[in-house]
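The values are calculated or read from the model by the stated rules, or taken from the named source; none is laboratory data. Note that this is a predicted model, so its numbers are computed, not measured. Because the Cβ atoms are built from the backbone with ideal geometry, glycine has one as well, and the counts that use them run over all protein chains shown. For accessibility, only protein heavy atoms count, side chains too; no ligands or nucleic acids. Shrake-Rupley method; radii C 1.70, N 1.55, O 1.52, S 1.80 Å.
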Amino acid sequence: QVQLVESGGGSVQAGGSLRLSCAASVNTASGNCMAWFRQTPGKEREWVAVLYAGGRRTYYSESVEGRFTISQDNASNTLYLQMNALKPEDTAMYYCAAESGWILRVRAEQYNHWGQGTQVTVSS
């Protein structure tokens, strides 16, 4: 049973930074693809960043590339999302996701394991 628990969300002013954490029972080094998604009320879940290929490769949404960094501490199985230069449009509930396999996955439908989310609010 895969367990994922997000934390680290909060309220921050535009231009600020936050680091989200996902306590996980799996890691990318052992052959899992792990990602961060975000969602606002009434909208589809949006892919943000993914760590795959045994944790050796990353891929980012154009909306966050250059500002966000995904990583994992394989000793603790904690997945991170470092968010810098935050913008009001980054406001959303952020979710951690995981799926077995080494290939790139960027659609929510490709993941079977999800956390409950952590809220990020960015004010102007």
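Within the stretch 56-91, work out how many residues are small (G, A, S) and either open to solvent by 70 Å² or more (accessible area, probe 1.4 Å) or touching a Cys at 6+ places or on another chain (Cβ under 7 Å) (or both). Don't jump to the end; show me each part of the working.
Of the stretch 56-91, the ones small (G, A, S) are 61, 63, 66, 71, 75-76, 85.
From what is left, the residues that are either open to solvent by 70 Å² or more (accessible area, probe 1.4 Å) or touching a Cys at 6+ places or on another chain (Cβ under 7 Å) (or both) are 66, 75.
Residues that pass the stated criteria total 2.
Return the pair list, or none, for Cβ contacts closer than 7 Å from residues in the stretch 70-93 that are more than 16 Å from E6 (Cβ to Cβ) to residues that are among the aliphatic types (A, V, I, L, M) and modelled with pLDDT of 95 or more, at least 6 apart or on different chains. Pairs found: L86/V12; L86/A14; L86/L18; L86/V122; K87/A14; K87/V122; P88/A14; P88/V122. Filtering the stretch 24-45 to residues that are aliphatic (A, V, I, L, M) and closer than 12 Å to L81 by Cα leaves M34, A35. In the stretch 53-83, the residue that is nearest to L18 (Cα to Cα) out of those that are within 14 Å of the chain's Cα centre (by Cα) and assigned to a loop (DSSP other than H, G, I, E, B) is R67. Here V12 meets each of (1) in contact with a strand residue (DSSP E or B) (Cβ under 7 Å, 6 or more places away or on another chain); (2) farther than 21 Å from V122 by Cα; (3) open to solvent by less than 40 Å² (accessible area, probe 1.4 Å) with one exception, condition (2).
Residue-level check: of (1) open to solvent by 70 Å² or more (accessible area, probe 1.4 Å); (2) under 11 Å from the mean Cα position of the chain (by Cα), V50 misses just (1).
For the stretch 15-29, residues that are open to solvent by 30 Å² or more (accessible area, probe 1.4 Å) and under 16 Å from A97 (Cβ atoms) total 2. Does W47 satisfy being among the aromatic types (F, W, Y), in a strand (DSSP E or B) and in contact with a helix residue (DSSP H, G or I) (Cβ under 8 Å, 6 or more places away or on another chain)? When the stated conditions are applied, W47 passes them.
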